[in-house]
């Protein structure tokens, strides 16, 4: 390969990388959020690691990211509290000067089988789930979009779920919140494209994370893995790769898309 070809390849790689991009990942202490933060950092981005209760895990994520450079930052906050979100956004912009990419990953899953729970517990589950998964994410998106409009554009990637389409019989608020997230993302993809803000969504099935470890190692583990013809569930890094690819320059015309990352376990 000639020196000119090498230079052209280097330029192409730089164009496709996230070098010096500023990324905010919500719920980044564990699972998909952690894998996404590490993947962005590996490609040269500087990342704000948001967490609510998982401070120790978030600190470990930042330490692990340092091997790829930085600086990065920890960002504590509860996205279920509307007044906290503008303050979090201000801290990111004060620290880095801008925000290029928002990954809306933070979510809660609270079992509330209608056949088993009381009316009081039913209401609590719906209220808590929607406050984080839908309303909190909507508020985070609003604040990020205001900043991105000031600076001339950006990317917003949402983490939804196969459950938005397939249903979640023992945790219906979770499925409903993710279905709402999908609709919100597609509506805002239309509203924000004129501002060069592009929105995409990934919808994973089961992912090998701490959250579902007890299910994968339990009596239903084999049946869960058998849902996919691959005979396994996704790794967090596989979902992170999808997030990175949707956030890259050159992917603008995927705005409004919902990408299934479920190993053909649910086809629509």
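The values are calculated or read from the model by the stated rules, or taken from the named source; none is laboratory data. As the structure is a prediction and not an experimental result, all values here were calculated from the model. Positions of Cβ are generated from backbone atoms using ideal geometry, with glycine treated the same way; all protein chains shown enter the neighbour counts.
So residue 195 fits all but one of (1) within 24 Å of residue 142 (Cβ to Cβ); (2) free of Cβ contacts under 8 Å to residues at least 40 places away in the same chain; (3) touching a helix residue (DSSP H, G or I) at 6+ places or on another chain (Cβ under 7 Å); (4) surrounded by fewer than 16 Cβ atoms within 10 Å (Cβ to Cβ); what number is the exception?
Here residue 195 meets the rest and fails (2).
Run residue 112 past the list (1) within 29 Å of residue 213 (Cα to Cα); (2) over 20 Å from the mean Cα position of the chain (by Cα); (3) modelled with pLDDT of 95 or more; (4) surrounded by fewer than 16 Cβ atoms within 10 Å (Cβ to Cβ) and report the number of the one that doesn't hold.
Only one criterion is unmet by residue 112, namely (4).
Could you list all residues from region 117-142 that are without any contact (Cβ under 8 Å) to a residue 40 or more places away in the chain and either crowded, with 20+ Cβ neighbours inside 10 Å or not in a helix (DSSP H, G or I) (or both)?
117, 118
On the basis of being buried (at least 19 other Cβ atoms within 10 Å of the Cβ), touching a helix residue (DSSP H, G or I) at 6+ places or on another chain (Cβ under 6 Å), part of a loop (DSSP other than H, G, I, E, B) and at pLDDT 95 or above, does residue 99 make the cut? Outline the logic, then answer.
Details: buried (at least 19 other Cβ atoms within 10 Å of the Cβ): yes; touching a helix residue (DSSP H, G or I) at 6+ places or on another chain (Cβ under 6 Å): yes; part of a loop (DSSP other than H, G, I, E, B): yes; at pLDDT 95 or above: yes.
It is true that residue 99 is buried (at least 19 other Cβ atoms within 10 Å of the Cβ), touching a helix residue (DSSP H, G or I) at 6+ places or on another chain (Cβ under 6 Å), part of a loop (DSSP other than H, G, I, E, B) and at pLDDT 95 or above.
Can residue 80 be described as touching a residue at least 24 places away in the same chain (Cβ under 8 Å) and crowded, with 24+ Cβ neighbours inside 10 Å? Break it down into steps so the answer makes sense when it comes.
Details: touching a residue at least 24 places away in the same chain (Cβ under 8 Å): yes; crowded, with 24+ Cβ neighbours inside 10 Å: no.
Answer is no for this residue.
If I go through region 236-257 residue by residue, how many of them are within 16 Å of residue 199 (Cβ to Cβ) and assigned to a helix (DSSP H, G or I)?
Selection size over region 236-257: 9.
Listed here are the residues, each with its yes/no results for (1) in contact (Cβ under 8 Å) with a residue 24 or more places away in the chain; (2) touching a strand residue (DSSP E or B) at 6+ places or on another chain (Cβ under 8 Å); (3) assigned to a helix (DSSP H, G or I).
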residue: 33; (1), (2), (3): yes, yes, yes
residue: 53; (1), (2), (3): no, no, no
residue: 66; (1), (2), (3): no, no, yes
residue: 106; (1), (2), (3): yes, yes, no
residue: 115; (1), (2), (3): no, no, no
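Which of the residues belonging to region 75-87 are out of contact with any helix residue (DSSP H, G or I) (no Cβ under 8 Å at 6 or more places or on another chain) and either assigned to a helix (DSSP H, G or I) or closer than 17 Å to residue 49 by Cβ (or both)?
84, 87
Determine whether residue 11 is out of contact with any helix residue (DSSP H, G or I) (no Cβ under 9 Å at 6 or more places or on another chain), surrounded by fewer than 20 Cβ atoms within 10 Å (Cβ to Cβ), modelled with pLDDT under 90 and in a helix (DSSP H, G or I).
Working: out of contact with any helix residue (DSSP H, G or I) (no Cβ under 9 Å at 6 or more places or on another chain): yes; surrounded by fewer than 20 Cβ atoms within 10 Å (Cβ to Cβ): yes; modelled with pLDDT under 90: yes; in a helix (DSSP H, G or I): yes.
Judged against the criteria, residue 11 is a match.
Please give the number of the condition residue 209 fails out of (1) surrounded by 20 or more Cβ atoms within 10 Å (Cβ to Cβ); (2) at pLDDT 95 or above.
In the conditions (1) surrounded by 20 or more Cβ atoms within 10 Å (Cβ to Cβ); (2) at pLDDT 95 or above, residue 209 misses (2) alone.
Can you pull out every residue in region 29-76 that is closer than 13 Å to residue 106 by Cβ, modelled with pLDDT of 95 or more and surrounded by fewer than 17 Cβ atoms within 10 Å (Cβ to Cβ)?
76
If a residue has to be within 19 Å of the chain's Cα centre (by Cα) and in a helix (DSSP H, G or I) to count, how many in region 193-235 make the cut? If you could, list the steps in order and put the result at the bottom.
Pass one, region 193-235, residues within 19 Å of the chain's Cα centre (by Cα): 197-212, 233-235.
Subset that is in a helix (DSSP H, G or I): 210-212.
Matching residues across region 193-235 total 3.
How many residues does region 165-174 contain that are surrounded by fewer than 22 Cβ atoms within 10 Å (Cβ to Cβ) and in a helix (DSSP H, G or I)?
First, pick out the residues of region 165-174 that are surrounded by fewer than 22 Cβ atoms within 10 Å (Cβ to Cβ): 165-172.
Those left that are additionally in a helix (DSSP H, G or I): 165-166, 172.
Final tally of qualifying residues: 3.
Considering region 38-51 alone, what residues qualify as being touching a strand residue (DSSP E or B) at 6+ places or on another chain (Cβ under 7 Å), assigned to a helix (DSSP H, G or I) and without any contact (Cβ under 8 Å) to a residue 60 or more places away in the chain?
Taking region 38-51 and keeping what is touching a strand residue (DSSP E or B) at 6+ places or on another chain (Cβ under 7 Å), we get 40-41, 45-51.
Checking the rest, the ones that are also assigned to a helix (DSSP H, G or I) come to 40-41.
Scanning region 38-51 gives a single hit, 41.
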